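Read-outs throughout are calculated quantities, based only on the coordinates presented, and are distinct from any laboratory measurement. Keep in mind that what you see is a predicted model, and the values were worked out from it rather than measured. Positions of Cβ are backbone-derived with ideal geometry, glycine not excepted, and every protein chain shown enters the neighbour counts.
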Amino acid sequence: MSLRNRLTEYVKACFTGLWIESQEHQDALTEIAQLCHDEQWQLATWDIESGLSLPGVTEADVGSHDPLAAIRAINTLATPNGTAILVLQNFHRFTQSAEIVQALYRQIVAGKQNRTIVVILSPVVQIPTELEKMIVVIEHHLPDRDQLEEIARGIATEEGELPEGAELDTILDAAAGLTRMEAENAFSLSLVRQERISAEAVWELKSQMLKKSGLLSLYRGSEDFSSLGGLSSLKAFCKRSLSQSGRTNPNSLPRGTLLLGVPGTGKSAFAKALGRETQRPTLVLDIGALMGSLVGQTEHNIRQALRIADAMAPCILFCDEVEKALSGAASSSQTDSGVSARMFGTLLSWMNDHRSDVYLIATCNDISKLPPEFSRAERFDAVVFLDLPGSAEKQAIWEMYLKLFEIDADQPLPEDENWTGAEVKACCRLSALLDVPLLQAAQNVVPVAVTAAESVERLRSWASGRCLSANQPGIYHHNIDSPKSRRRVSRDPSIN
Ligand SMILES: Nc1ncnc2c1ncn2[C@@H]1O[C@H](COP(=O)(O)OP(=O)(O)O)[C@@H](O)[C@H]1O
Ligand SMILES: [Mg+2]
């Protein structure tokens with residue numbers, strides 16, 4: 001429902017305290033002003049810089065920059081049968097003051113008698129406890145596709161400036177998640193540059209804006225699944241669940257995958273390749289950085305980030321090493337007065353409730369640090385375990401990196417018993433860098449499975465019977481006394 005419709009309902013039902021959460025005050029104000037005009041309601045606005053502006057009165061006459069006086073001024077607008085609305089911009093800045101809270105309280109109560117309504121317009125929701133029960137919150141949402149299209153049509157007025165059909169769809173995809181003003185800017189820039197609106201220019205601006213907001217960043221890599229050896233079952237699973245297009249039932253939308261595994265097995269690399277492979281944009285959510293931001297803002301930030309992701313659907317949302325960010329959630333009441341616990345709660349409820357086509361891919365190196373609620377089955381489509389690669393997978397990885405680093409394949413390969421893909425890559429890289437045989441380069445490679453043997457073993461036994469296998473179809477089973485696989489690398493004739 002639009003801001004206008006919700007506002008109408010609440011005002012007609014005589015809710016006298018409203019809090020509009022909006023990133024775009026100008027736009028919200030325009031909508032409110034139109035509504036007031038159509039309904040013949042009186043409207044006054046206030047902000048700290050320009051003071052109070054009442055209809056038909058110039059600022060000099062009223063001119064109060066005092067927030068207390070502003071609240072009281074609404075009564076001068078009251079008429080016997082009419083409705084009056086006072087919009088206070090960025091008033092969250094003043095709600096720390098006891099006098100202001102009291103004045104708001106009194107006004108919200110008195111407003112029921114003379115139909116005067118106080119509206120606080122602010123980018124965040126910070127309602128003082130005293131007023132919690134008296135104020136309702138309305139979210140001013142980011143523009144949807146139709147609104148974005150309307151904005152684009154408003155800007156591209158000349159023939160041929162706005163593409164139609166599938167190209168228009170990609171442009172609107174690219175613009176999803178932008179505010180109205182950001183979308184306007186992106187479209188205008190694109191027009192100036194290319195004389196027509198194009199998706200590339202919109203993407204470029206969008207990644208800048210995401211970066212600026214500090215909540216999400218847009219990952220654009222060139223790797224797809226062909227840059228990863230092995231992991232065949234994981235690749236097939238994700239690809240299949242993401243390629244069922246045209247789903248109409250929101251309950252059957254894919255939700256996401258949790259990748260669990262030994263460091264260096266390609267979890268992050270897989271998550272990064274997924275977007276390119278399935279042609280969806282990849283948004284990176286850095287929970288750690290969100291936590292580090294201003295304490296009171298953390299929950300707001302994560303909600304805002306998830307909202308942007310929702311607006312950008314279909315997309316992939318990538319959280320790397322979630323256990324690092326979430327490990328504090330359980331002990332949060334002692335360490336950070338519950339901030340991480342509340343933020344974690346926000347994330348969990350989004351994971352349960354969201355109906356948007358946002359595919360969450362999260363990676364984790366250590367399940368014991370992850371709050372158990374997170375990995376519960378219904379939140380993800382699958383929890384997949386990435387074990388050390390088997391001999392066939394390793395062979396594929398060797399071939400890939402020998403080729404990539406242009407290494408002579410006609411030489412003995414080192415003993416790679418406990419190696420991960422990362423170690424094969426490191427060995428090839430060193431060999432190419434130092435121009436030494438692989439056997440010599442291997443002397444500088446220390447496999448994680450050896451240095452962290454215990455935690456690898458712990459991870460494997462945890463995953464056994466609980467997770468899907470990344471390499472074989474079906475459930476992962478840890479076979480404690482599996483025969484040490486003998487490795488034999490056949491030479492790929494295409495390498496010379
Ligand atoms: N199966 C694989 N095929 C190709 N490269 C791999 C594979 N596994 C790991 N790598 C490489 O090893 C490096 C580290 O992998 P990464 O994805 O960061 O591991 P993780 O996130 O699991 O710790 C990356 O450069 C990645 O390309
Ligand atoms: Mg990683």
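A few comments on the model shown:
- Excluding same-chain neighbours fewer than eight residues apart, the lysines reachable from K403 by a Cα-Cα span under 23 Å are K235, K267, K272, K394, K425.
- Amide hydrogen proximity for A382: with H placed 1.01 Å from N in the peptide plane, the residues at 5 or more positions away or on another chain lying under 5 Å are G256, L258.
- Here the label points at N251 and M181, each 7 Å from Cα along the C-beta direction, are separated by 4.3 nm in the simple model.
- Straight-distance crosslink candidates among lysines, where the alpha carbon sits under 30 Å from K112 and sequence neighbours closer than 8 are dropped: K12, K133
- Karplus (6.51, -1.76, 1.60) ³J(HN,Hα), θ = phi - 60°, over region 97-102, in Hz, Gly and Pro reported as x: 7, 4, 5, 4, 4, 5
- Using distinct alpha-carbon pairs, which all enter the 1/r mean, Kirkwood radius of region 145-213 in Å: 11.6
- Cβ crowding within 10 Å, taken as a proxy for footprinting-reagent exposure, orders T76, T179, T129 from fewest neighbours to most as T129, T76, T179.
- Close amide-amide hydrogen proximity is noted between L317 and L283, Y359, L360, I361, each under 5 Å apart and 5 or more residues distant or on a separate chain (H modeled in the peptide plane; Pro and chain starts excluded).
- Taking amide H as placed 1.01 Å from N in the peptide plane, the amide H of E139 sits under 5 Å from that of E21, each at least 5 places away or on another chain.
- Exposure proxy ranking, count of Cβ atoms within 10 Å, fewest first, for L253, L242: L253, L242
- Share of Cα-Cα pairs in region 158-295 lying beyond 28 Å, as whole percent: 33
- Two-decimal log10 I(q)/I(0) for region 225-386, as the Debye equation yields it once each C-alpha is a single scatterer, q = 0.11, 0.13 Å⁻¹: -0.42, -0.59
- Cα-based helix-to-principal-axis angle, 298-312 vs the chain, degrees rounded to 10: 80
- Put in order of Cβ neighbour count within 10 Å, fewest first, the listed residues Y359, Y219 become Y219, Y359.
- With 0.36 nm allotted per residue and the present C-alpha distance subtracted, the D224-E457 stretch has 80.9 nm of extension available.
- Principal axis dimensions, the chain - Cα atoms, whole angstrom, descending: 93, 61, 44
- Cα-based helix-to-principal-axis angle, 421-434 vs the chain, degrees rounded to 10: 70
- Applying the Karplus relation 6.51 cos²θ - 1.76 cosθ + 1.60 with θ = phi - 60° to region 24-32 yields 3J(HN,Hα) values of 10, 5, 4, 5, 4, 4, 4, 4, 5 Hz, where x marks Gly and Pro.
- Principal-axis tilt of helix 339-353 within the chain, Cα atoms, nearest 10 degrees: 80
- Label-point separation, I48 to V450 (7 Å along Cα→Cβ), nm: 6.2
- The alpha-carbon positions of region 3-139 define a convex hull whose volume is 98 Å³ per residue.
- Rounded to the nearest 500, the helix-only mean residue ellipticity at 222 nm of the chain stands at -13500 deg cm²/dmol, with each DSSP H run of n ≥ 4 adding -39,500 (n - 2.57).
- Put the Cα centre of region 359-398 next to the Cα centre of region 417-459 and the gap is 21 Å.
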